[in-house]
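The structure appears right after this line, and notes come after that.
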Amino acid sequence: MPELPEVEVLVRHLRPLLRNRTIQRVEVRRPRVLASTSLRQFRKGLTGARFLEASRRGKYLVFDTLPSNGKTRVLLGHLGMTGRMYLLPAAVALPKHAAVVLHLGREKFVFEDTRYFGRLTLDTRALDRLGPEPLTADFSLLAFGEALKRSAQPIKVKLLDQSLVAGIGNIYASEALFRAGISPKVAAKRLTRAQTERLWQAIREVLAEAIGVGSSISLDFGGGGERDGLFYYGEKAGAEGSGEERFRVYDRAGKPCPVCGRLIKRLVQAARSTFFCPGCQRGH
């Protein structure tokens, strides 16, 4: 599932393409992705609206729109497990799994989702449950530490709690714990002050680096090419630069640790795979 860095890279790509574009027609091919917004509400709220801005909150894409009534309205998107958002020329045929299409004139904004776990909705209540953004000053070391002290969950599981910090998922939780030298199995409340500070810093570093990698790769956001596995999009044909994944432990079970050489292990926590180095991340 795309996490904070992948969504941030996508938002930066879409922002200049959508700004000031007017939605001339709304086509909903899979109503289930609208979540609690009715088909009628969705069409009425967006037809004739103009895109003002695109931003990100956690793993969500936030589109500010200006309907004809002059009152700003937010369109909220979530990629789920297989979602993609991109623009296509108006004359190009839609893919089989196009869920929502916003017609913009010469182009159309497509939300494609193979498994339809993603969302494109006018219901923004999901944002109310999110914790601080990890790359902003709102992500306080003190508040982070206090929250961990109240949890008996394994630290890897706790990091997936979006009310603790927004945007971290399975990939970057494993990567941050490795960088901080903390076992994914240790109870959150058992972390020392030094461990908490290392983890707080590691979270910020791995996310910022991943955004940097994605911003430097020429990606095919339409997904027409082979996915590179890191940013959920294919690289553009003939693109320069490396799309090689830069994970140190994630999805590397059985491969040597880049620091100590011991083999990376995989375990299951809360029905999710966790990857760690038994040498660099000791303790329970």
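What follows is calculated from the coordinates using simple rules that are stated; it is not laboratory data. Here the structure is a predicted model, which is why all the values come from computation and not from measurement. Backbone-built Cβ (ideal geometry, glycine too); neighbour counts: all protein chains shown.
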Once you put a point 7 Å from the Cα of Leu39 and another 7 Å from the Cα of Ala271, both along the Cβ direction, what distance in nm separates them? 3.0 nm
Could you grab the relative contact order for the chain? Cα pairs under 8 Å, six or more apart, rounded to a whole percent. 16 percent
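Two decimals is fine: what's Rg over Rh for the chain, C-alpha atoms, Kirkwood radius as Rh?
Numbers: Rg = 20.1 Å, Rh = 20.1 Å.
Radius of gyration relative to Kirkwood radius: 1.00.
Treat segment 4-129 as a sphere of radius equal to its Kirkwood radius over Cα pairs and apply Stokes-Einstein at 37 °C in a medium of 0.692 mPa s; give the translational diffusion coefficient in µm²/s, rounded to a whole number.
Numbers: Rh = 14.3 Å.
Approximately 229 µm²/s, per Stokes-Einstein.
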Which distance in nm do the two modelled labels at Thr136 and Val259 give, with both placed 7 Å along the Cα-to-Cβ direction? 3.0 nm
Using only DSSP helix segments of four residues or longer, with each worth -39500 (n - 2.57), what per-residue ellipticity at 222 nm results for the chain after dividing by its residue count and rounding to 500? -8000 deg cm²/dmol
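Could you tell me the relative contact order of segment 150-219? Use alpha-carbon pairs under 8 Å, at least six residues apart, and round to a whole percent. All intermediate terms of the calculation are to be shown ahead of the outcome.
Values: 61 pairs, mean separation 24.1, N = 70.
Dividing the mean separation by the residue count of segment 150-219 yields 34 percent.
Just list whichever of Lys149/Lys265; Lys59/Lys156; Lys185/Lys255; Lys156/Lys265 have alpha carbons separated by over 25 Å in the model shown. Mind dumping the intermediate values first?
Working: Lys149/Lys265 27 Å; Lys59/Lys156 18 Å; Lys185/Lys255 20 Å; Lys156/Lys265 14 Å.
Beyond 25 Å: Lys149/Lys265.
Taking 0.36 nm per residue of sequence separation and subtracting the Cα-Cα distance, how much length would be gained by fully extending the chain between Asn20 and Ala93, in nm to one decimal?
Numbers: separation 73, 0.36 × 73 = 26.28 nm, distance 2.43 nm.
The span from Asn20 to Ala93 would gain 23.9 nm if fully extended.
If contacts are Cα pairs under 8 angstrom and at least 6 residues apart, what is the relative contact order of segment 1-56 in percent? Let's see the in-between values first.
Working: 48 pairs, mean separation 30.3, N = 56.
In percent, rounded to a whole number, it is 54.
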